[in-house]
1. Any residue in the range B:168-185 that's hydroxyl-bearing (Ser, Thr, Tyr): show its pairings with residues that are away from ligand 1 (no atom under 16 Å from the Cβ) and in a loop (DSSP other than H, G, I, E, B) at Cβ separation under 7 Å, as long as the two are six or more apart or on different chains.
2. Evaluate the range A:112-128: report whether one residue or more is at the interface with chain B (Cβ under 10 Å from one of its Cβ atoms), within 16 Å of ligand 3 (Cβ to nearest atom) and loosely packed, with under 15 Cβ neighbours inside 10 Å.
3. Taking only pairs six or more apart or across chains, which ones have beta-carbon atoms under 7 Å, a first residue in the range B:223-235 that is assigned to a helix (DSSP H, G or I), and a second residue that is of a type in the set (S, T, N, Q) and within 16 Å of ligand 1 (Cβ to nearest atom)?
4. Could you list, in sequence order, all residues of the range B:192-214 that are surrounded by fewer than 17 Cβ atoms within 10 Å (Cβ to Cβ) and of a type in the set (Asp, Glu)?
5. Those residues that are within 7 Å of chain A (Cβ to nearest Cβ), near ligand 3 (Cβ under 9 Å from one of its atoms) and farther than 12 Å from A:Lys179 by Cα, I need them from the range B:197-213; list them, please.
6. Give the range B:200-221 a look and list any residue that's in contact with a helix residue (DSSP H, G or I) (Cβ under 7 Å, 6 or more places away or on another chain), more than 16 Å from ligand 1 (Cβ to nearest atom) and in a loop (DSSP other than H, G, I, E, B), or say none.
7. Name the residue, out of A:Phe173, A:Phe202, A:Phe160, that is open to solvent by less than 40 Å² (accessible area, probe 1.4 Å), within 19 Å of A:Met36 (Cα to Cα) and under 19 Å from the mean Cα position of the chain (by Cα).
8. Can you name every residue in the range A:61-107 that is more than 20 Å from A:Ser18 (Cα to Cα), touching a Ser or Thr at 6+ places or on another chain (Cβ under 7 Å) and either more than 10 Å from every other protein chain (Cβ to nearest Cβ) or of a type in the set (Gly, Ala, Ser) (or both)?
Amino acid sequence: MSVPSTATHEGLPVGKLSAYFDWLQMLTGAALILFMWCHLILVSSILLGPGVMNALAWFFEVTYMAQVGGPLIFLAFLLHFVLAARKIPFATGQQRLMLANAKRMRHTDTWLWVIQATTAMGILIMGGIHMWVVLTNLPITAEKSAARIQTGFWFVFYLFLLPMVELHVGIGFYRILVKWGFLDRPGRWVIKKKENLLTGIFIAIGLLSLLRYYFLPLK
Amino acid sequence: MARMLKFNIFRYNPQDPNSVPHMQAYTIDETESMTLFIVLNRLREEQDPSLQFDFSCRAGICGACGMVINGRPGLACHTKTKDLPEEITLMPLPIFKLMGDLSVDTGTWFRAMYKKIESWCHTKKVFDPAAQEERMDNAVAEAIYELDRCVECGCCVAACGTALMREDFLGATTLNRVARFMLDPRDERTEKEYFDIIGTDEGIFGCMGLLACQDVCPKYLPLQDVLGKLRKKMAFAAVNNILPSFLRKDIKL
Ligand code: HEM
Ligand code: SF4
Ligand code: SF4
Ligand code: FES
């Protein structure tokens with residue numbers, strides 16, 4: 001029994017909700033990371049040619065991975081948002097404390113968290129729009145995607161969304177590893193370097209794919 | 001050539017109604033093997049007898065001299081001026097109650113936290129003063145000692161973004177203290193009892209893994225490892241009863 005910090009007639013029982021939420025936050029985060037890696041394969045397959053991408057998209061379609069998996073990912077996305085947002089300070093006083101602390105200490109990991117929390121808000125809005133647009137306009141084909149991106153508006157839209165997602169995912173991956181004790185102290189520095197490199201590569205592949213869509217000749 | 005060091009030191013005396021918080025500049029010549037502890041004592045003796053700061057052991061043992069040194073919490077007696085630039089800013093640790101200038105009261109905070117986690121060995125055995133002390137396995141004793149090295153300086157708390165935002169957050173040092181009792185075979189508390197203390201958003205699940213605690217701890221405690229294991233242990237404690245047996249885990253600290 002912990003000593004209650006407020007005067008109730010008896011100590012409030014400590015439920016397991018915090019633990020369940022932490023599990024779910026981590027598991028939805030991990031599921032979204034896995035999804036983003038698959039997503040990258042699909043999107044960047046355009047670099048190998050529209051035929052390859054269409055074949056992959058067709059595969060996801062006939063196996064119902066797009067129709068069933070898509071909404072499931074959307075659900076995981078929303079669940080993850082609700083759970084993780086509990087950690088984001090909404091009171092300006094707290095936001096200033098966090099920022100001032102990161103600046104004062106010149107501490108990378110605290111900065112990484114600030115980046116994670118800010119990109120999260122961008123992803124919530126832009127990722128939500130993106131998922132809606134794609135999932136209400138199935139099937140996915142290289143031509144439809146290219147047409148969208150060539151409007152110009154979507155090209156710029158993705159130029160913002162891409163780095164935000166990759167940063168959030170990269171930092172999130174690192175954070176799961178440290179929070180759940182998968183890394184020892186030396187291992188932390190090794191992973192951080194690799195993770196930065198990986199994030200850089202993913203952003204580069206994403207940019208190349210975007211350019212490819214932009215210049216893909218439309219029939 | 002010896003450097004002239006410029007110090008910007010936070011000044012404020014809450015006892016004095018006329019005092020307003022401000023930064024005051026001092027200059028002092030650097031000497032060999034100079035620590036901030038030496039600087040502060042010389043400043044007080046030679047330039048400003050009203051300057052308030054804490055120390056007692058001057059050897060990184062008592063934990064009294066924690067302060068924010070150029071933005072990062074650390075021990076004044078443990079910090080050499082030769083590792084710092086010419087201009088040095090000293091601030092009191094945030095979160096703790098300010099006594100005056102660089103002096104803060106960490107004791108009240110630690111006492112309150114230790115009360116929350118019941119920081120003592122819980123045992124039903126009646127103490128027998130005539131009996132020989134029970135023996136402890138050397139490896140266990142060493143593991144406990146590793147965590148017991150914490151000097152309660154409060155640096156990890158002052159560096160933690162979570163603790164800054166939420167004053168009910170236990171902080172790395174308190175969680176480390178719980179881990180210490182988990183390791184101790186004399187403490188008879190069950191996993192459930194530990195869960196009730198730290199299996200909350202104020203406890204281990206509030207920690208966001210920023211690891212500032214690890215990066216500033218002047219005693220190099222293995223906080224990253226301890227926090228990681230505590231999270232795993234408490235997370236599994238919550239779900240073990242619903243998991244199929246091959247997924248269940250009893251995490252050892
Ligand atoms: C809907 C918008 C989103 C919001 C508001 C959000 C918010 C957050 C926040 C604040 C954290 C840090 C939690 C902490 O420090 O304890 C976090 C962690 C994480 N996020 Fe997100 N996120 C969003 C979308 C995503 C997406 C789309 C992905 C992956 C594609 C993702 C992957 C992760 C991962 C892997 C973590 C680490 C999990 C953990 O620390 O337990 N997030 N998220
Ligand atoms: S864990 Fe380290 S930083 Fe924290 S109070 Fe103990 S010695 Fe100080
Ligand atoms: S890991 Fe971060 S959030 Fe957790 S106690 Fe350390 S500094 Fe605070
Ligand atoms: S004076 Fe004791 S730790 Fe610095």
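The values are calculated or read from the model by the stated rules, or taken from the named source; none is laboratory data. The structure displayed is predicted, hence computed values, not measured ones. FYI the Cβ positions are ideal-geometry reconstructions off the backbone, even for glycines, and counts take in every protein chain you see. What goes into the accessible areas is simple: the full protein's heavy atoms, side chains included, and nothing from ligands, DNA or RNA. Shrake-Rupley method; radii C 1.70, N 1.55, O 1.52, S 1.80 Å.
1. From the range B:168-185, the pairs are B:Thr173/B:Cys150; B:Thr173/B:Glu152; B:Thr174/B:Ile117.
2. The answer is no, given that none of the residues of the range A:112-128 is at the interface with chain B (Cβ under 10 Å from one of its Cβ atoms), within 16 Å of ligand 3 (Cβ to nearest atom) and loosely packed, with under 15 Cβ neighbours inside 10 Å.
3. Close Cβ pairs (under 7 Å, with a partner that is of a type in the set (S, T, N, Q) and within 16 Å of ligand 1 (Cβ to nearest atom)) amount to B:Leu223/B:Gln214; B:Gln224/B:Gln214.
4. B:Glu193
5. Scanning the range B:197-213 gives a single hit, B:Ala212.
6. Passing the criteria: B:Cys217, B:Pro218, B:Leu221.
7. A:Phe202
8. Result: A:Ala102, single match.
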